[in-house]
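*Asks:* If you scroll down you'll find the structure; I have some questions about it.
What follows is calculated from the coordinates using simple rules that are stated; it is not laboratory data. Treat the numbers as computed from the prediction; the structure is a model and nothing was measured. Positions of Cβ are generated from backbone atoms using ideal geometry, with glycine treated the same way; all protein chains shown enter the neighbour counts.
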Amino acid sequence: MKKDKKLGIEAEKDEFSEWYTQIIIKADLADYSSVSGCMIFKPSAYAIWEKIKEETDKRFKKIGLKNVYFPLLIPESLLKKEAQHLKGFSPEVAWVTQAGNTELKERLAIRPTSETIMYESYSKWIRSWRDLPMRYNQWNNIVRWEFRHPILFLRTREFLWNEGHTVFATQKEALAEEKQILGIYDEILKDYMAISGFISRKTESEKFAGAEFTKAIECLLPNGRIVQGPDFHFDGQIFSKAFNIQFLNKQGKKEFVWQNTFAITTRMLGIMFAIHGDDKGIIIPPRVAPIQCVIVPIFKEKEKGKVLKKAKELEKLNFRVFLDDRDYTPGYKFNDWELKGVPVRIEIGPRDIANNQVVVVRRDTGKKEIIKIKDIEKKVEKILDDVQKNLLKKSEQLLKKNTVMTKNIQETVKAIKDKKLIVSEWCGNHECEDWIKTKTGGAKIIGINEKKEAIGKCVYCGKKAMHVVWIAKSY
């Protein structure tokens, strides 16, 4: 056996920034690239993204969305067509200005989002009410040249996502899509990634540039920061008027269409790793895990053939299974797979073979269980299901335990220092929103809770409140 290489996380989860970087690098999920702010997805992380993409896409197609692909490069003249949209993205746009030795006549933006390039075509394709609804989606990459400190998965200059761009004849139809899309995203987060979040409506200053309103599923990390997850933007007729997307209705009159956009990104991977990970490494929910069970054979050299033969039989289990027959000690392998977050470890040695059993270890709790080989399929299926449920339960508890209510700015400042998510009330005044950010050292109104009615006073100015809101620091 080879000597054990140095493994393990050398920071605790409470030291979030260092811990998070270590779990991503040491679990072999990603690496830095020579392009500042851009990362490399390694096979495990990319396989998780493929699963998220597959399940989301399946649900999109079921409700009638069709996949398309539009160019990566967008002429500057198109990007300028909707003023608020351009203003929102211009600081982050990367430009192509030269091809070979020839300077381009018009700058080309590297896709920060695709509204402008897509809607130019929509204006040509849509003529009649018979052409609607048009529900298209892209799976692609995006470049936004952020100048803040990059964080693997959570904040990078290039990331992967879906971008849905749908068009309807009526406002009612467009608004009805919100529940469908956010429902799909919520299902993916809860049922596959084991993440519990909450839906907020963004304030005017925080909404998507060019939207009437934005709603998002917000996720709380263990360090008290919020990360915006999947989102839905009701664009109304803002883009249809800018790009002249009109149709003849059934009465033969011209109308502007109603539009939505929505997305889920690879940022969700970082959220998942951060929420579920522990001091040993990451923990991957079974439904998205590239490897659900790892088999670790334990033997001395003279027993190797017999043990490996039995281990290979177990490899045929009806799960995503990997047999670790590498030339390392069992202890090294245990630590390695704990670090990489595989949900279940199956140990088998000569004594186990003699007793027709295996030892099964759960990654989430570390609990060991001796299982008869004849029962392994049924038992492991139950364990995987229980791990999935337990991770979601822990995510729900994280959110509940770290949410507090405040009535004034002093309580809010203290709660932010304690790394809490705050529920409070706000008068709706933009100046108060800015002052909350200033007084708390960077925390902001994450969004409005539309399910609750404000009954008290504004957390900052003390005037009658208009909205119940969440306040926290964010990425």
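*Asks:* State which entries of K207/K389; K437/K463; K379/K401; K419/K444; K340/K368; K368/K419 exceed 25 angstrom in Cα-Cα distance in the structure shown.
*Replies:* Those over the limit are K207/K389; K379/K401; K368/K419.
*Asks:* Give the longest segment of the chain that steers clear of GluC sites (Glu not before Pro) in DSSP loops with at most 15 neighbouring Cβ atoms within 10 Å, not counting the sites themselves.
*Replies:* 316-449
*Asks:* Could you work out the relative contact order of the stretch 108-188? I mean the mean sequence separation of Cα pairs under 8 Å and 6+ apart, divided by the number of residues, in percent.
*Replies:* Averaging sequence separation for qualifying contacts and normalising by length gives 30 percent for the stretch 108-188.
*Asks:* Between the stretch 80-111 and the stretch 156-188, what is the separation of their alpha carbon centroids in Å?
*Replies:* Spelled out, the Cα-based centre of one part sits 26 Å from the other.
*Asks:* Report relative contact order for the chain in percent, whole number only (criteria: Cα-Cα under 8 Å, sequence separation at least 6).
*Replies:* Taking the mean separation of contacting Cα pairs over the length of the chain, I get 14 percent.
*Asks:* Sticking with this one: Under a point-charge model restricted to the Cβ atoms of Lys and Arg (+1) and Asp and Glu (-1), what is the dipole moment magnitude of the chain relative to its Cα centre, in debye to the nearest 20?
*Replies:* 820 debye
*Asks:* Using alpha carbons only, how many degrees (0 to 90, rounded to 10) separate the axis of helix 330-339 from the longest principal axis of the chain?
*Replies:* Relative to the chain, helix 330-339 is tipped by roughly 10 degrees.
*Asks:* At a 10 angstrom cut-off on C-beta neighbours, averaged per residue, how do the peptides 127-137, 227-237 rank from highest to lowest?
*Replies:* Values: 127-137: 15.9, 227-237: 22.7.
In decreasing order of mean packing, 127-137, 227-237 become 227-237, 127-137.
*Asks:* Tell me the angle of helix 43-62 to the major Cα principal axis of the chain, expressed in degrees between 0 and 90 and rounded to the nearest ten.
*Replies:* That helix lies at roughly 50 degrees to the long axis.
*Asks:* May I ask you to list the trypsin sites (Lys or Arg not before Pro) in the stretch 387-453 that are in a DSSP loop and have at most 12 other Cβ atoms within 10 Å of their Cβ?
*Replies:* Of the trypsin sites (Lys or Arg not before Pro), the ones in loops of the stretch 387-453 whose Cβ has at most 12 other Cβ atoms within 10 Å are K451, K452.
*Asks:* Here's another thing I want to ask about it. Compute the relative contact order of the stretch 185-227 as a whole-number percentage, counting only Cα pairs closer than 8 Å that sit 6 or more residues apart in sequence.
*Replies:* 33 percent
*Asks:* A further question on this structure: For the chain, give me the percentage of DSSP beta bridges that are antiparallel, rounded to the nearest 5 percent.
*Replies:* Counting DSSP beta bridges with both partners in the chain, the antiparallel share is about 80 percent.
*Asks:* Under the rule of -39500 (n - 2.57) per DSSP H run of 4 or more residues, summed and divided by the residues of the chain, what mean residue ellipticity at 222 nm is obtained, to the nearest 500 deg cm²/dmol?
*Replies:* Values: 14 runs with 156 residues, N = 475.
One gets -10000 deg cm²/dmol as the mean residue ellipticity at 222 nm.
*Asks:* Given the C-alpha centroids of the stretch 288-316 and the stretch 59-79, what is the distance between them in whole angstrom?
*Replies:* 45 Å
*Asks:* Please determine, in degrees from 0 to 90 and to the nearest 10, the orientation of helix 430-439 with respect to the longest principal axis defined by the Cα atoms of the chain, where the helix direction is its Cα long axis.
*Replies:* Once rounded, the angle reads 40 degrees.
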